[in-house]
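S.K.: For reference, the structure I am asking about is given below.
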Amino acid sequence: MLLIYSNPANWAALSETERHALNADYGTFTQEIVASGEFVSGDPLAGVDTATTVKVRGGEADTTDGPFIESKEHLAGYYVVDCKDLDRALALAARIPDARFGGIEVRPVLDMSGVEM
């Protein structure tokens, strides 16, 4: 999974032309990994102002607005890819447009197919 961390201030500082170019770069990247057969899924996420964090303590659910951790960079979206190895996943992560401004976390999705639930 390629987790896209972005600082909303970076997006706000872009001109309208730069925003369109960045969105076009995302479209190109997405089309390329679809064509290569590596794309499984992916979506942008709504802003942190729409987030709610749920914590259960002592059997009681408690909710708070926003993300649990205060940070300048927030999870902005993700891609789930199916690629041959970590090196390829890292190469794809480096091509995600937000890697220029934020960070892309690469993390394997656990295979739970053999685990009884």
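S.K.: Can you give me the long-range amide H partners of residue 40? Hydrogens built in the peptide plane at 1.01 Å from N, cutoff under 5 Å, separation of 5 or more residues or another chain.
M.R.: 80, 81, 82
S.K.: In terms of modelled amide H atoms, which long-range or inter-chain residues lie less than 5 Å from the amide H of residue 76?
M.R.: Long-range HN contacts for residue 76: 4, 5, 6.
S.K.: Here's a follow-up. Enumerate the calculated ³J(HN,Hα) couplings along the stretch 2-10 in order (Karplus 6.51 cos²θ - 1.76 cosθ + 1.60, θ = phi - 60°), each rounded to whole Hz, writing x wherever the residue is Gly or Pro.
M.R.: Each residue's phi maps through the Karplus curve to give 10, 9, 9, 9, 9, 9, x, 5, 5 Hz.
S.K.: Ok, one more. So how much accessible area does residue 75 have, in Å² to the nearest 10, using a 1.4 Å probe?
M.R.: Looks like 70 Å² after rounding.
S.K.: Right, another one. If I histogram all Cα-Cα distances within the chain using bins 10 Å wide from 0, what percent of pairs lands in each bin?
M.R.: Reading the bins upward from 0: 12, 36, 32, 16, 4, 0.
S.K.: Per residue of the stretch 54-64, what does 6.51 cos²θ - 1.76 cosθ + 1.60 with θ = phi - 60° give for ³J(HN,Hα)? Whole Hz please, x for Gly and Pro, Karplus curve as stated.
M.R.: Once θ is set to phi - 60°, the couplings for the stretch 54-64 become 10, 10, 10, 10, x, x, 10, 7, 10, 10, 9 Hz.
S.K.: Gaussian network model of the chain, Cα springs within a sub-10 Å range: biggest mean-square fluctuation belongs to which of 66, 58, 37?
M.R.: Sorting by GNM fluctuation, first place goes to 58.
S.K.: Now for a separate question. Suppose all protein chains stay in the model; what accessible area per residue would a 1.4 Å probe give for the stretch 9-61, in Å²?
M.R.: Heavy-atom SASA per residue in the stretch 9-61 reads 69 Å².
S.K.: Oh, and also: For the chain, set up a GNM with springs between Cα atoms under 10 Å and report which of 40, 80, 56 has the largest fluctuation.
M.R.: 56
S.K.: Where in the chain lies the longest segment free of trypsin sites (Lys or Arg not before Pro) that are both loop residues by DSSP (not H, G, I, E, B) and have at most 13 other Cβ atoms within 10 Å?
M.R.: 1-71
S.K.: With an 8 Å Cα cut-off and a minimum separation of 6 or more residues, compute the relative contact order for the chain in percent.
M.R.: Computed value for the chain: 45 percent relative contact order.
The values are calculated or read from the model by the stated rules, or taken from the named source; none is laboratory data. No experiment lies behind these values; they were computed from the predicted model shown. Positions of Cβ are backbone-derived with ideal geometry, glycine not excepted, and every protein chain shown enters the neighbour counts. Protein only, heavy atoms only, side chains kept; ligands, DNA and RNA dropped before computing areas. Shrake-Rupley method; radii C 1.70, N 1.55, O 1.52, S 1.80 Å.
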